[in-house]
Every structure is written in C-alpha cells, then in structure tokens.
Amino acid sequence: MEQLNDFLVKAISGTEWPMFILLIGGGVFLVLYSKFLPYRFFGHAIAITRGKYDDATAKGDVSSLQALSAAVAATVGLGNISGVAIAIHDGGPGVVFWIWMTALIGMCIKFYSCSLSIMYRGHDSDGNLQGGPMYYITQGLGKKAKPLAIFFSLAGLFGFLGVFTANQFTETFMSVIVPEETIMALGDTSEASSFNWKLLIGFVLAIVSSLVIFGGLKNIARVATAIVPFMVMVYLVAVVVVMVLNASQVLPSLKLIITEAWNFKTIVTGGFWGLVIIGVRRAMFSNEAGLGSAPMYHGQSKNDEPIREGLVAMLGPFIDTILVCTFTAVVIILSGAYLEDSSGIVMTLQAFRTTLFGFGDELLMVIVAAFALSTLFTYSYYGVKSLSYLTNAKIGKLYNVYFVIMIVFAAVASLELVKNLIDLSYALMVIPNMIAVLLLAPKVNKEAKKYFQKLKDEMGRSNS
C-alpha cells in the first residue's frame, strides 16, 4: 500500500497544472462567455426543480428532481463533511475561500456540461438512452474525438469507486463506537483487533451496497431521493444549532477564512499556490463540477430541454459547496478542532462532539451512514456507465462486482492512499471533459438563446 501511495503522489504532481488551467481558466472563460446566465436565472432554476415545467411525455428515466437528488447524493456527503476537514488540515482555514471560488465557477461549468448531456444523448448496446461526457464528446465533436471519451471512461473506472466513502464511514464507526473496546476484541493485539473490525465493517458495507446496486437505476434514484433531502436537513439543523449556540464565534470564523486565504507566507507545501490547488481539488471533490459525473445522471432526466436541465444541475454546487461546506467549515473552526492533529471525518467528529453537548459525534455518525450509503449507490452507477461504454452493457454490469470488492479494500486502507487515488483519477477525468465542454460551449449558447426566446413568447401569450 505504501508503494502504491508513493506512485500516486508522483503521478498527481504531473496532473496539477493541466487540471487547474482547464478547471479554473476554462471555468472563468465560461462565466464570461455565458454573460453570467446561470446566476441571472437562479430563481427560474428553482422553479424547474420544483416541477413547474415537468413534461410527462419527455424521454428519460427519472425526473429532474430525482436526477438532482441523485447527483447531490453523490456529492453532498462525505466530500463536504470530511473533504472540508481534509482541506483545512492540509491548507488551513483559508483554503475554504478557494473552495467557494471554485464552486461559484463550478455552477457555470455544471450548467454547460449538463445542458450538453441532454443535447447529445446516445444509446448503449442494449438500446437504452444514455447521457454523459463520452456521448457529448463523440456526438458533439465527432468520431475523431473518441480517444478523449475512452480516456475519460478509463479514468472513471477508478474515479467512480466508492473508496473514499467506505474509508471515511469505517473511520467514523471506529472513532465513535470504538468497537474493539465497547463490543469485543477481534484479535490478540489492539492493532489486529482494529484491523479485523475494519475488515468486518467493509464486508457489511459491501453486502448492504450490493442489495441496492444490483437492483438498478430506478431503485438507486428512489433510495437516494428518499434519504438525501432528509439527511441534508438533519445535518443543516445540527450545524445551525451549533452556530446559534456559538453565535459570537461565527463572524470571527468567517473572517479567519478570508484573511487566511491571502496568506502568502503560508506553510502549505507549494506555498500560496499550494493552498489554492488544495481548495480547487477539494471543491471538485465536493461538487464534481468539471468532473463529468453529474452529466451522466442528468442525461437520464425526463427532459427534452437541455437548458432547463443545465439550470437544475447548477444548483448542485450551490447546495453542496456554498451551503454545506461553509457550515461544516465554520463548525470545525469555531470548535477549535482544526488546531488538533487529526484529519478527515475524525476532525469533524471532534468538532461536533465538543459543540453539541457531547453526543454530536453519534448524531453525525447516523448522518454519515446515510450519506455514505447514498453515495455508494450512486457512484456504482457511474462506473457501470464507464465500463459499458468501453465494452458493452452486459460486461458493464460486472463493474458492480469490482466496486463491491473495492469497498472492502478501502475500509482497511489509509486515508492518504484513498485520497490520492481519487485525486489522481479526478484530475485525469477533468482533462477530456473540460476540453469537450469548452469546445461545445457555443452550441449551448445557441440553444440558450432559443430557449429563453421561447420562454419569453410563452409568458407574453399567458399575460395577453
């Protein structure tokens, strides 16, 4: 595992700048090129999500709300709760500011990429309607771009593994329950007992995930739509309670984020740029903008209006990064947990334990369990689509077997190894996806012009 981790660290350093230029440079270009369109129609996006414009006759498998819930299920979760803690551990409180900046740009990237997922839908070998980067790359850019689609799908075979989620859920259980002490020892030494418990948790997670995963997409959408909104609400209520109880610390915490963001003498590896890169990586991990995973889900929506789907999708980064990440960061900072030498979910658990009457960590464990399961259910679907594209729909289903085995591996692996595997895969996925999104952006603008003209005409008719 140590040798694998060393290889991943070396490989990541080679992907840093291409990812940064395409994600941030490309994202800023899209913001200006769209003339701030996604932000100007934020209210309209909420109306679409509420179902005001649903079309029962449209092609697709799930509603826009289900697609958003499933995409948010994959992103609101451990990426926000422990991803922010990792970011603060690696780069200090100032890193949160760069997470915000990346998320705001990410809203625009999501708008473009998810509009494309409806504009260029394809069919798999079973004849099922499919959407996502591999389809808009080959259909939008032509057959010559197929190597980009293959490259994206190969990176997706690793990027869509639920390893981070399985690892962090296991850490949560081990920290809160301490099963080797409170339940029973599963070995001669405490180290062996701890390892065996992690292995057992990995097997249980793998079995539970299998029950839903092998049920197919509709079950995933149903479970995610049921669990996620409720758990997001519980989490937000818990965080708001902490902030109300520590009201005097909220503004100083936000001030610390902003002042530390411009700390040019930072001790982070890579200095100030290192700090910015950590923020970009963790924001991408939190909201997946530019990654190309959300367009796979939104491409399944019962929606024949690409712009409508793009507007729904751009709410994702706002919900999971601007809201959830900020609340998590404030709790970690005001509790002082960020000054301790812990990372990932353990830091967030400490913050909740100290601020919520001593039982905040138990509450967070229940929330984490729900988020972890919903993320695992959703990610397996992305991986199946990647393998199906590279082979065929029948072989694609075998991804689930590999996915479930890797859950067990992740439960016993180190956080460092799991984090590096995901960081490398994500950086490799961003490169082909963002190239395609930037090249196809004029097509989205053309479609947006038509859509808003049609909307204007309809409103004019209803008013008259």
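The values are calculated or read from the model by the stated rules, or taken from the named source; none is laboratory data. This is a predicted model, so every value here is computed, not measured. Neighbour counts are summed over all protein chains in view; Cβ atoms, including those assigned to glycine, are modelled from backbone coordinates with ideal geometry. Ligands, DNA and RNA are excluded from the accessible area calculation, which covers all protein heavy atoms including side chains. Shrake-Rupley method; radii C 1.70, N 1.55, O 1.52, S 1.80 Å.
Using 0.36 nm per residue and subtracting the Cα-Cα separation, the extra length available between W17 and T259 on full extension is 84.6 nm. Computed with a 1.4 Å probe over protein heavy atoms only, the accessible area of F357 comes to about 140 Å². Mind scanning K35/K456; K198/K419; K198/K397; K35/K446 and naming the pairs with a C-alpha gap bigger than 20 Å? Listed pairs above 20 Å: K198/K397.
Remark on Q130: its backbone amide H falls under 5 Å from those of G122, H123, D124, a criterion applied only to residues 5 or more positions apart or on other chains, H modelled at 1.01 Å from N. Counting only protein heavy atoms and a probe of 1.4 Å, the accessible surface of the chain is 66% carbon and sulfur. Take W100: with every protein chain present and a 1.4 Å probe, its accessible area is about 40 Å². The Cβ shell under 12 Å around Y338 holds other residues with a net charge of -4, Lys and Arg each +1, Asp and Glu each -1.
Distance between the C-alpha centers of segment 280-326 and segment 170-201? Whole Å please. One Cα centre to the other: 37 Å. Rounded to the nearest whole Hz, the Karplus-based 3J(HN,Hα) values (6.51 cos²θ - 1.76 cosθ + 1.60, θ = phi - 60°) of segment 179-188 follow the sequence x, 5, 9, 8, 9, 6, 7, 10, x, 6, with x at glycine and proline. Here segment 73-140 and segment 370-436 have alpha carbon centers that stand 14 Å from each other. Protection proxy ranking for 83-94, 227-238, 317-328, using the average of other Cβ atoms within 10 Å per residue and placing the highest first: 83-94, 317-328, 227-238. Amide H to amide H distances under 5 Å link Q300 with no residue, where only residues 5 or more positions off or on other chains count and H is placed in the peptide plane.
Partners of K265 within straight-line reach, counting aspartates and glutamates whose Cα lies under 17 Å from its Cα and excluding those fewer than 8 residues away in the same chain: D90. Peptide packing for 344-351, 286-293, 44-51 was compared via the average number of neighbouring C-beta atoms within 10 Å per residue; ordered from the highest value, the list is 286-293, 344-351, 44-51.
Close amide-amide hydrogen proximity is noted between T266 and F272, each under 5 Å apart and 5 or more residues distant or on a separate chain (H modeled in the peptide plane; Pro and chain starts excluded). Given +1 at the Cβ of Lys and Arg, -1 at the Cβ of Asp and Glu and no other charges, the dipole of the chain around its Cα centre is 2140 debye to the nearest 20.
Screening the chain for whole DSSP H helices with an alpha carbon extent of at least 18 angstrom along the helix axis and a mean Kyte-Doolittle hydropathy of at least -1.0 yields 2-20, 95-119, 146-159, 163-177, 190-213, 217-245, 247-261, 271-287, 360-390, 399-412, 415-463. Ligands, DNA and RNA are left out, and with a 1.4 angstrom probe the accessible area of the chain is 40 Å² per residue. When the Cα atoms of the chain are aligned to their principal axes, the ranges along those axes come out at 71, 52, 42 Å in descending order. A 1.4 Å probe, protein heavy atoms only, puts the accessible area of E447 near 50 Å².
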